[in-house]
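Here the structure is laid out as structure tokens; the discussion comes afterwards.
Where a number appears in this text, it was derived from the coordinates with a stated rule and is not lab data. Just so it is clear, the structure is predicted and the values come from calculations on it, not from any experiment. Cβ placement follows ideal geometry from the backbone for every residue including glycine, while neighbour counts extend to all protein chains displayed.
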Amino acid sequence: MFLLHHLDHLLEHYGYSLVGIIVMLESMGAPLPGESLIIGTALYCAATHKLDIVWVIVVAIAGAIMGDNLGYLIGRSVGFRVLARWGGRIGLTEERLLLGRYLFRKHGGKVVFFGRFIAILRTFAALLAGANRMPWHTFLFYNTLGGIGWAGGYSLAAYLLGSQVEKISGPLGIGFGIVAVLVLGSGFLFLKRNEKRLTEEALAAAKADQPA
């Protein structure tokens, strides 16, 4: 409940705007914990009912879509040359630029959609889409779908889980909570391990695909 304790303080002062702004800034390329904030706020809603989950979902989706579009405009304006020179300051390394160029050339809109669910791509996908000159209407379509699926899906799933745990009391509730944490933790570790493996494989393919 450490996370909920700190969220209680922050959300009492900043409310829905905290979620929207953090998610927007992360989507623009800032290394911020947007995903953790969405999940934590949804659990906070279920536990305290001080915020409405519907509005949390709305501001999270809006922040994700707006932030990605601003990131796209920044990437399109500055191009790869500026990102290659200064991107390292925000974690956009040479390898990640190479990986992004390769993925966008091979997979296009799918990177924008599925990138929402992968930490590295979620932060930099919009910048890379703009720098790769992806057509804006294509980017907007996949970005909107990804924002709804990611922000809306994570918020709703965390809220429903938190609500069910709150309804169950006694030893059964404790047992259910422990099982839920173990399942979620195992799933998180599985995704992170596979995320790392898939990123390494894609990076190797990107290097091999470079002209000699």
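Go ahead and collect, in residue order, the members of segment 14-28 whose backbone nitrogen is under 20 Å from a label point 7 Å along the Cα-Cβ direction of residue 48.
Under 20 Å, as judged by backbone N against the label point of residue 48, lie 14-23 of segment 14-28.
With 10 angstrom as the radius, rank 137, 107 by how many other C-beta atoms surround their C-beta, starting from the fewest. Could you put the intermediate results ahead of the total?
Values: 137 7, 107 14.
Listing 137, 107 from fewest to most nearby Cβ atoms yields 137, 107.
Would you order 145, 161, 83 from fewest to most other beta-carbon atoms within 10 Å of each residue's own beta-carbon?
Details: 145 15, 161 20, 83 24.
Least crowded to most crowded, the residues run 145, 161, 83.
Tell me, what HN-Hα J-couplings in whole Hz come from the Karplus equation 6.51 cos²θ - 1.76 cosθ + 1.60 at θ = phi - 60° for each residue of segment 44-61, using x for Gly and Pro?
Working through the residues one at a time gives 4, 4, 5, 7, 10, 6, 7, 10, 8, 4, 4, 6, 4, 4, 4, 5, 5, 5 Hz.
So, with +1 on the Cβ of K and R and -1 on the Cβ of D and E, and no other charges, what is the size of the charge dipole of segment 1-81 about its Cα centre, to the nearest 20 debye?
Working: 3 positive and 6 negative charges, 60 e Å.
About 280 debye.
Could you put 14, 102, 72 in order, starting from the residue whose Cβ has the fewest other Cβ atoms within 10 Å? Before the final figure, lay out each step's value.
Values: 14 13, 102 19, 72 26.
The order, fewest Cβ neighbours first, is 14, 102, 72.
Give the peptides 64-71, 45-52 in descending order of average Cβ contacts within 10 Å, highest first. Could the numbers behind the result be given before it?
Values: 64-71: 23.6, 45-52: 16.0.
In decreasing order of mean packing, 64-71, 45-52 become 64-71, 45-52.
So if I take the centroid of the Cα atoms in segment 53-68 and the same for segment 97-138, what is the distance between those two points in Å?
Segment 53-68 and segment 97-138 have Cα centres spaced 20 Å from each other.
Between beta-carbons, use under 15 Å as the cut-off and find the net charge around residue 60, counting Lys and Arg +1, Asp and Glu -1.
Around residue 60, the charge tally is -2.
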